[in-house]
1. Looking at (1) without any contact (Cβ under 8 Å) to a residue 40 or more places away in the chain; (2) aliphatic (A, V, I, L, M); (3) over 18 Å from residue 352 (Cβ atoms), which is the only condition residue 203 fails?
2. Can you name the condition, by its number, that residue 160 falls short on among (1) surrounded by fewer than 20 Cβ atoms within 10 Å (Cβ to Cβ); (2) within 30 Å of residue 53 (Cβ to Cβ); (3) in contact (Cβ under 8 Å) with a residue 40 or more places away in the chain?
3. Please go through region 76-121 and give me each residue that is touching a Leu at 6+ places or on another chain (Cβ under 9 Å), within 18 Å of residue 48 (Cβ to Cβ) and either loosely packed, with under 11 Cβ neighbours inside 10 Å or basic (Lys, Arg) (or both), ordered by number.
4. Restricting to region 122-154, name every residue that is surrounded by 13 or more Cβ atoms within 10 Å (Cβ to Cβ) and in a helix (DSSP H, G or I).
5. Determine which member of the set 363, 345 is of a type outside the set (Gly, Ala, Ser), surrounded by 15 or more Cβ atoms within 10 Å (Cβ to Cβ) and in contact with a helix residue (DSSP H, G or I) (Cβ under 9 Å, 6 or more places away or on another chain).
6. Answer yes or no as to whether residue 329 is without any contact (Cβ under 8 Å) to a residue 12 or more places away in the chain and either assigned to a helix (DSSP H, G or I) or in contact with a Pro (Cβ under 7 Å, 6 or more places away or on another chain) (or both).
7. Evaluate region 62-71: report whether one residue or more is open to solvent by 100 Å² or more (accessible area, probe 1.4 Å), touching a residue at least 24 places away in the same chain (Cβ under 8 Å) and closer than 15 Å to residue 42 by Cβ.
8. For residue 211, state whether it is within 26 Å of residue 28 (Cβ to Cβ), buried (at least 16 other Cβ atoms within 10 Å of the Cβ), within 16 Å of ligand 2 (Cβ to nearest atom) and aliphatic (A, V, I, L, M).
Amino acid sequence: MSSLIPTLPGRSYTDPEIFAEEQRRIFESLWHCAVRSDELTRPGAFKTVRIGRESVIVVRGRDDRLRAFLNVCRHRGARLCPEESGEVKRTIRCSYHAWAYDLDGTLVAAPNLVKMPDIDRVRYGMLPVHLREWLGYTWLCLADEPPDFEESVKGAATERLGDPAAIDRYHVDKLALGRRIVYDVKANWKLIVENFMECYHCATIHPELTAVLPEFAGGFAAQYYVGHGALFAEKAEGFTIDGSRGFAKLPDVSDEQDRRYYAITVKPQVFINLVPDHVILHRMFPLEADRTIVECDWLYHPDVVSKNLDKSVELFHRVNEQDFEACEQTQPGMSSRAYRDGGVLVPSEHHIQKFHDWVNQRLRG
Ligand code: FES
Ligand code: FE
C-alpha cells in the first residue's frame with residue numbers, strides 16, 4: 001500500500017444532496033447523544049433537539065421517566081415546542097388549535113373533542129422516539145428498528161480502551177456539569193470527525209496540549225494508543241492550560257489510567273475525552289453541509305464542581321478553538337477545483353480511511 005491514500009472528494013463536504021443522504025442514512029438511523037439527563041429534573045421539564053432533519057422533544061414525565069417525541073402536532077403539523085427548553089405544567093399544548101398532549105404522549109384534550117368521541121387518543125398522540133440513557137445522557141434513535149445499543153454505542157465506545165470496564169471507572173453518569181460551551185462551526189461534520197481522529201496537526205496548532213501530552217507532538221492520535229492512553233508530561237501536574245495541578249483523581253480511576261488521556265469516537269456524533277479528574281464530552285449537531293453545532297460539556301466530581309474550573313476548562317476550550325478554526329479554514333477548499341478528487345492521508349492518518357469507508361458504506365446501505 002502506498003504511504004499516501006486518497007481522502008473523500010471535495011463535494012462530499014459541500015453537496016447538499018450528499019448531506020441530505022447523510023442526515024437520512026446516518027443521523028436519522030443511528031443512536032444520537034442528545035441531552036444531559038439531569039438537566040431535566042422536574043416533571044414537565046423539556047428540551048428540544050435537532051436530529052437529522054427532525055426536531056425532537058425530550059420531556060420528564062410525572063412518573064420521573066424521560067420520554068422523547070417528534071416535535072410535531074398530529075392535527076395539522078404545527079411545531080409543538082418552538083423553544084429550546086422549558087417546563088410545562090401538565091400538558092404539551094399546541095399553540096395553533098390547542099390540542100393538548102399528556103407528558104406520556106397521549107392526546108388528552110382538543111377543543112370540541114366532545115363532538116369527536118371516536119378519536120383515538122393514543123393513535124393521535126405524539127409520536128414516540130426510541131430512548132436510552134447512558135453516561136448520564138439521553139440517547140435517541142429515530143429509526144423504526146434502532147441498531148443494538150450495547151453493540152453500536154457501548155461496544156464501539158469501549159473497544160479502543162482495551163479493558164471494556166475502563167470507562168465505567170469514571171462514573172460519567174454521576175459527574176456534574178461544570179461548564180458547557182457551544183461552538184457554531186462553519187465546517188462539514190466529517191472535517192470535525194477527521195480532525196478529532198488524527199494528531200498529525202497537534203504539533204502545529206496545539207502548543208498547550210502537546211506541552212501536557214508530549215506524545216501527541218509525534219503526530220499519532222490518542223486512538224493510536226489503544227488500551228493505554230497518552231501519558232502526561234513528567235512536569236505536568238494536571239490536565240490544565242498551564243500544566244498546573246488539577247483536581248483529585250476520580251475515585252475509581254485505576255492507577256494505570258491515572259496521568260493518562262484517552263479519546264474515544266462514538267460515530268457519528270460523539271467524542272469522549274477521559275482524564276483522571278474530569279471528562280470532556282462533545283456532541284455534534286450537523287445543520288448544513290458546511291455548518292455544525294458542537295456542544296462540549298466539561299464534567300467533574302460533584303465535590304469539585306463549585307470550585308474554580310477555569311484552568312481545567314481552558315485547556316480543551318483552547319484545543320477546540322484551534323481545531324474548529326482549522327476545520328473552518330479547510331471548508332472553503334472543499335469547493336475548490338484543487339480538491340475535486342480529494343486530498344491524501346499520510347500514514348499517521350491512515351485510520352481515517354476506515355471512517356471514510358464507514359460513511360460510504362452507510363450511504364450505499
Ligand atoms: Fe396543532 Fe392544530 S396543528 S392543534
Ligand atoms: Fe486537534
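1. All conditions pass for residue 203, except number (3).
2. Residue 160 satisfies all of (1) surrounded by fewer than 20 Cβ atoms within 10 Å (Cβ to Cβ); (2) within 30 Å of residue 53 (Cβ to Cβ); (3) in contact (Cβ under 8 Å) with a residue 40 or more places away in the chain except (2).
3. 93
4. 149, 152, 153, 154
5. Values: 363 fails: surrounded by 15 or more Cβ atoms within 10 Å (Cβ to Cβ).
The unique qualifying residue is 345.
6. Working: without any contact (Cβ under 8 Å) to a residue 12 or more places away in the chain: yes; either assigned to a helix (DSSP H, G or I) or in contact with a Pro (Cβ under 7 Å, 6 or more places away or on another chain) (or both): yes.
So residue 329 fits the description; yes.
7. Initially, region 62-71 is screened for residues open to solvent by 100 Å² or more (accessible area, probe 1.4 Å), giving 62, 65.
Still in the running and touching a residue at least 24 places away in the same chain (Cβ under 8 Å): 62.
So of that shortlist, the ones also closer than 15 Å to residue 42 by Cβ come out as 62.
Yes, region 62-71 has at least one match.
8. Working: within 26 Å of residue 28 (Cβ to Cβ): no; buried (at least 16 other Cβ atoms within 10 Å of the Cβ): yes; within 16 Å of ligand 2 (Cβ to nearest atom): yes; aliphatic (A, V, I, L, M): yes.
Criteria not met by residue 211.
The values are calculated or read from the model by the stated rules, or taken from the named source; none is laboratory data. What you see is a predicted model, and the numbers here were worked out from it, not measured in a lab. Cβ atoms come from the backbone with ideal geometry, glycine included; neighbour counts cover every protein chain shown. All accessible areas refer to the heavy atoms of the entire protein, side chains included, with ligands and DNA or RNA removed. Shrake-Rupley method; radii C 1.70, N 1.55, O 1.52, S 1.80 Å.
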